[in-house]
Amino acid sequence: MRSFESFPFELWRYDGSPGELIPLLQSAQEHFGYIPRRAIETIAGVTSIPESSIYGVITFYSQFRLQPMGRHQVRICTGTACHVSGANVLVDAIQDELGVEVGGTTQDGLFTLFTVACLGCCSLAPAMMIDDETHGRLTPAAARKLLRGYRRKAEQEVRHEVRP
Ligand code: FES
């Protein structure tokens, strides 16, 4: 993550034109990977747009994030084919397994959870992707097992790093 001192230059070119808030937020997110509180305070200070309004815009648009992205991105398909094959049950099970809602990042920073409209592999419904890997014909139990595998691997890496 880059330091706050190198905040996106677009902020300093702000001339008060309407419609500049979204590009500023996009710029901040591109810079930090999410929109940190200090960025919101700074944008509010420069633009005189109340912080509450800025939060309103951030939470309205799904493209904006208030938390850093997790190490692994989990995308559950909720498109038609996956929906009729039980995607909702899968979403519930994965939210329960990870302890986060869709759009959230786990406390340990390992996973960020999303839903998507179609992964382009409808014959494998219900499907999800973890990073670049597609997993299809999933049951809730199979999805939990997969995620536990990722978690176990991360724990092993930590143990390996701390071992002298
Ligand atoms: S609807 Fe889920 S992969 Fe297409």
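The values are calculated or read from the model by the stated rules, or taken from the named source; none is laboratory data. From a predicted model like this one, the values you see are computed outputs, not experimental measurements. A quick note on method: Cβ atoms are made from the backbone with ideal geometry, for glycine too, and the neighbour counts reach across all protein chains shown.
Is it true that residue 41 is among the charged types (D, E, K, R) and more than 15 Å from the chain's Cα centre (by Cα)?
When the stated conditions are applied, residue 41 passes them.
Tally time: how many residues in segment 106-127 are out of contact with any strand residue (DSSP E or B) (no Cβ under 7 Å at 6 or more places or on another chain) and more than 16 Å from the ligand (Cβ to nearest atom)?
Adding up the residues that qualify gives 4.
Pick from segment 118-164 the residues that are exposed (fewer than 10 other Cβ atoms within 10 Å of the Cβ) and in a loop (DSSP other than H, G, I, E, B): which of them is modelled with the lowest pLDDT?
Ranking the qualifying residues of segment 118-164, first place goes to 164.
Considering only segment 95-102, I want to know if a residue exists there that is in a helix (DSSP H, G or I) and closer than 30 Å to residue 15 by Cβ.
No: segment 95-102 contains no residue that is in a helix (DSSP H, G or I) and closer than 30 Å to residue 15 by Cβ.
Inspect all residues belonging to segment 81-88 and state whether any of them is assigned by TED's automatic domain parsing to the domain that holds residue 108 and β-branched (Val, Ile, Thr).
Checked against the condition, which is being assigned by TED's automatic domain parsing to the domain that holds residue 108 and β-branched (Val, Ile, Thr), segment 81-88 yields at least one hit.
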